[in-house]
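First comes the structure, then the notes that go with it.
Readers should treat all values here as calculations from the given coordinates under stated rules, not as data from a laboratory. On a predicted model such as this, the values are computed, not experimentally measured, just so you know. Every residue, glycine as well, gets a Cβ built from its backbone with ideal geometry; the counts of neighbours run over all protein chains shown.
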Ligand SMILES: Cc1ncc(COP(=O)(O)O)c(C=O)c1O
């Protein structure tokens, strides 16, 4: 079989990561809670980039989001605007505070707009905050959104989970609002299996965050740190097994998922609308994040180059890719297309070792999420719902070469013509 090219199978992991994780597992000092050296370095990296001392790290971006909202004063009975075409952990971060997510529709860049927030405001005049998700790294129109939030006295939080170091008119995303959150989840721009950061502008919110961290954030068990460190090893071995037979790879990874020896992306509890416990970022994971943060410019340039190959070969009027406005940087987490023949295309691509992603094939992902738990009513965001149909994401991560991207585009072109 050819090598595995997948948006979902721990795409940022390399054989070197797997080896490094094994070395970390064998070195007890890396696991000591007293050793926070790399966590501190990650914090410093964000302090220098985002021009504020108020940087906080967590095991996950979803904890960063919920605690940021709470630090900014969001509480029971408040309404917070988010977009549809998102992950269930986003509304969960709001409902966990007793607040209500109010859904906003999106445009062709897959982002909410000042107009769509305005529409929501007509029905929800007491709206308190807006969370802007820069979907797949493409900036929302921040000038218009910032102006509206100022005019209407709305808190503005940037969800940069997909948009680490992406820009709007050459200015870093995460510097426009009252706060921003980031993720180093396993299929994000960089990955330490799990990892999250909150950046707050106001010193008062930062003080509240420090209190909340004392009250609500705990250390994960050492056994769970081991599970995170095992993850890159499991996937790298899986990638080798794939080249013998895909079933061997699947079987191998399923064993670890089934026995919970590697962490889940979204738990069953989360799909029902509940929030998991908040954890600190463990030092060994911070180390993995730090290594990748140091080469973030290369990663972003690579993702932009691969996206450019797809854009050059796949006609817009056939594949309707995510629109990248002129103000947005063009480094995409995933290059997204829409086509009626996605199932046939995917079948053919699998023969070449290519597995496409499906972010998002439902208004609130993943597919088996309880819409009731997420407080989403079908039909309220028709544009977002339309986007979820016949959707597929092409990989842009570091191990995808330009030749791989050309091969993927070629298979898509050949198989989209068949009726
Ligand atoms: C849009 C969005 N925001 C926030 C998050 C939370 O990130 P994490 O997985 O680190 O909790 C995700 C995760 O998938 C996401 O897709």
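A few points about this structure:
- Calculated [θ] (222 nm, deg cm²/dmol) that DSSP helices of n ≥ 4 give over the chain, each run adding -39,500 (n - 2.57): -13500 deg cm²/dmol
- Taking 161, 365, 301 as the candidate residues, the one with maximal mean-square fluctuation in a Gaussian network model of the chain, Cα springs under 10 Å, is 301.
- Within the listed set 157, 94, 218, the Gaussian network model of the chain (springs between alpha-carbon atoms below 10 Å) gives the highest mean-square fluctuation for 218.
- Reducing the stretch 344-411 and the stretch 140-211 to their Cα centroids gives an inter-centroid distance of 24 Å.
- Normalised contact order of the chain, rounded percent, pairs of Cα under 8 Å and 6 or more residues apart: 25
- The simple Förster model, with R0 at 22 Å and r as the Cβ-Cβ distance, assigns residue 171 and residue 119 a FRET efficiency of 0.25.
- When Rg and the Kirkwood radius Rh are both evaluated on Cα atoms of the chain, their ratio Rg/Rh stands at 0.95.
- Zone of residue 377's modelled label, taken as backbone nitrogen in the stretch 101-142 under 16 Å from a point 7 Å along Cα→Cβ: 101-105, 120-125
- GNM top mover of 32, 330, 307 - the chain, alpha-carbon springs below 10 Å: 32
- Three principal axis extents describe the C-alpha atoms of the stretch 254-313; from largest down they are 41, 31, 26 Å.
- When only alpha carbons are used to place a centre, the stretch 28-100 and the stretch 249-276 end up 22 Å from one another.
- Among 267, 57, sorting on how many other beta-carbon atoms sit within 10 Å of each Cβ, with the fewest leading, yields 267, 57.
- Sorted from longest to shortest, the spans of the Cα atoms of the stretch 296-417 along the three principal axes equal 44, 34, 26 Å.
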